[in-house]
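The values are calculated or read from the model by the stated rules, or taken from the named source; none is laboratory data. Everything numeric in this text was worked out from a predicted model, so none of it was measured. Note that we place each Cβ from the backbone using ideal geometry, even for glycine, and neighbour counts take in every protein chain shown. We work out accessible area using only protein heavy atoms, side chains counted, and drop any ligands, DNA or RNA first. Shrake-Rupley method; radii C 1.70, N 1.55, O 1.52, S 1.80 Å.
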Amino acid sequence: MSLAPVWLFDLDNTLHDASPHIFPHINRSMTAYLEQHLRLSRDEANTLRLHYWRRYGATLLGLIRHHGTDPQHFLLETHRFDRLHDMMVFERALRGMLRRLPGRKIVFSNAPRHYAEAALEVMGVRRQFEAVFGIEDLDYQPKPGILGYRRLIAANRLNPRRCIMVEDSAINLRTARRLGMRTVLVGRGLGQPAYVDVKIRSILDLRRASGRLTG
């Protein structure tokens with residue numbers, strides 16, 4: 001690419017490790033929300049939460065379609081963190097890596113924007129991104145569905161062929177490739193499907209790998 005690329009970064013398990021504390025907290029909060037608002041037992045609520053997540057890519061989408069749930073209320077109630085800074089697991093060198101990475105940078109997450117913004121602030125990297133797109137900015141159309149990608153592209157006036165998407169989820173990268181983007185898969189022990197251009201073990205490896213994507 002002769003022009004500077006546009007980097008599209010997933011948030012959870014890409015820029016930081018959400019598995020130890022963040023994801024369990026969100027899962028518990030979502031289950032409790034379904035218990036309360038749909039009057040389900042805990043086991044029923046947990047089963048339904050997982051069913052909608054697998055079917056639609058986000059529990060919220062199933063709740064909107066089948067129960068008329070107010071998405072703003074759901075996101076606010078299920079993404080409350082009294083001590084987010086104590087729950088975040090991330091690489092301290094992330095800010096320096098992002099600063100040295102040439103090109104525009106946008107966060108593209110299925111999470112709500114208020115949580116994404118807060119997580120980036122805790123990591124000290126919010127200033128490295130020109131925009132943060134959460135699920136509400138995607139009109140509640142989560143990855144890997146193509147509608148959210150198209151909304152992001154239109155809102156930021158992006159040329160997909162100049163975009164490089166960085167994700168821990170291979171299926172989300174498959175949609176990116178369909179649109180003409182280049183793709184980076186982040187994570188250990190993962191395979192490398194044909195639609196993944198570069199696979200890295202850690203987000204900190206991105207700067208070193210960027211030459212294979214932008215040359």
Exercise. Would you mention how many residues in the stretch 134-151 are under 14 Å from ALA111 (Cα atoms) and not hydroxyl-bearing (Ser, Thr, Tyr)?
Key: 11
Practice problem: Would you mind telling me which numbered condition in (1) at pLDDT 95 or above; (2) open to solvent by less than 40 Å² (accessible area, probe 1.4 Å); (3) under 22 Å from ALA170 (Cβ atoms) ASP17 fails? | Solution: (2)
Quiz item: Out of all the residues in the stretch 153-194, which are out of contact with any strand residue (DSSP E or B) (no Cβ under 6 Å at 6 or more places or on another chain) and of a type in the set (Ser, Thr, Tyr)?
Solution: SER169, THR175
Quiz item: Applying the selection to the stretch 125-159, what residues are open to solvent by less than 30 Å² (accessible area, probe 1.4 Å) and not hydrophobic (A, V, I, L, M, F, W, C)?
Solution: GLY134, PRO142, LYS143, GLY148, TYR149, ASN156
Quiz item: Of all residues in the stretch 118-134, how many are in a helix (DSSP H, G or I) and either modelled with pLDDT under 95 or not aliphatic (A, V, I, L, M) (or both)?
Solution: 4
Exercise. Output the number of the condition that PRO71 fails; it satisfies all remaining conditions of (1) under 20 Å from the mean Cα position of the chain (by Cα); (2) at pLDDT below 95.
Key: (2)
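Just name the residue that is surrounded by the most Cβ atoms within 10 Å (Cβ to Cβ) out of those in the stretch 170-193 that are in a loop (DSSP other than H, G, I, E, B) and at pLDDT 95 or above. Write out each step before concluding.
In the first step, residues of the stretch 170-193 are kept if they are in a loop (DSSP other than H, G, I, E, B); the result is 179-181, 187-193.
Imposing the further condition that a residue be at pLDDT 95 or above reduces the set to 179-181.
Working: LEU179: 15, GLY180: 11, MET181: 25.
For the stretch 170-193, the residue satisfying everything is MET181.
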Exercise. Name, by its number, the condition in (1) in a helix (DSSP H, G or I); (2) among the hydrophobic types (A, V, I, L, M, F, W, C); (3) open to solvent by 20 Å² or more (accessible area, probe 1.4 Å) that does not hold for LEU63.
Key: (3)
Practice problem: Name every residue in the stretch 1-45 that is in contact (Cβ under 8 Å) with a residue 24 or more places away in the chain, assigned to a loop (DSSP other than H, G, I, E, B) and more than 23 Å from the chain's Cα centre (by Cα), in order of residue number. | Solution: MET1, LEU3
Quiz item: Which one is surrounded by the most Cβ atoms within 10 Å (Cβ to Cβ) among residues in the stretch 200-215 that are in contact with a helix residue (DSSP H, G or I) (Cβ under 9 Å, 6 or more places away or on another chain) and closer than 20 Å to SER109 by Cα?
Solution: ILE203
Quiz item: Any chance the stretch 152-168 includes a residue that's in contact (Cβ under 8 Å) with a residue 24 or more places away in the chain, of a type in the set (Asp, Glu) and in contact with a Pro (Cβ under 9 Å, 6 or more places away or on another chain)?
Solution: no
Quiz item: Which one is nearest to the chain's Cα centre (by Cα), of the residues in the stretch 74-110 that are within 24 Å of GLY211 (Cβ to Cβ) and hydrophobic (A, V, I, L, M, F, W, C)?
Solution: PHE108
Quiz item: Among the helices (runs of 4 or more DSSP H) contained in the stretch 68-115, which hold 2 or more residues that are open to solvent by 70 Å² or more (accessible area, probe 1.4 Å) and closer than 24 Å to GLN36 by Cα?
Solution: 71-78
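Only one of ARG150, ARG161 is in a helix (DSSP H, G or I), out of contact with any Gly (no Cβ under 8 Å at 6 or more places or on another chain) and at pLDDT 95 or above. Can you tell me which? Before the answer, list the steps.
Numbers: ARG161 fails: out of contact with any Gly (no Cβ under 8 Å at 6 or more places or on another chain).
When all the criteria are applied, what remains is ARG150.
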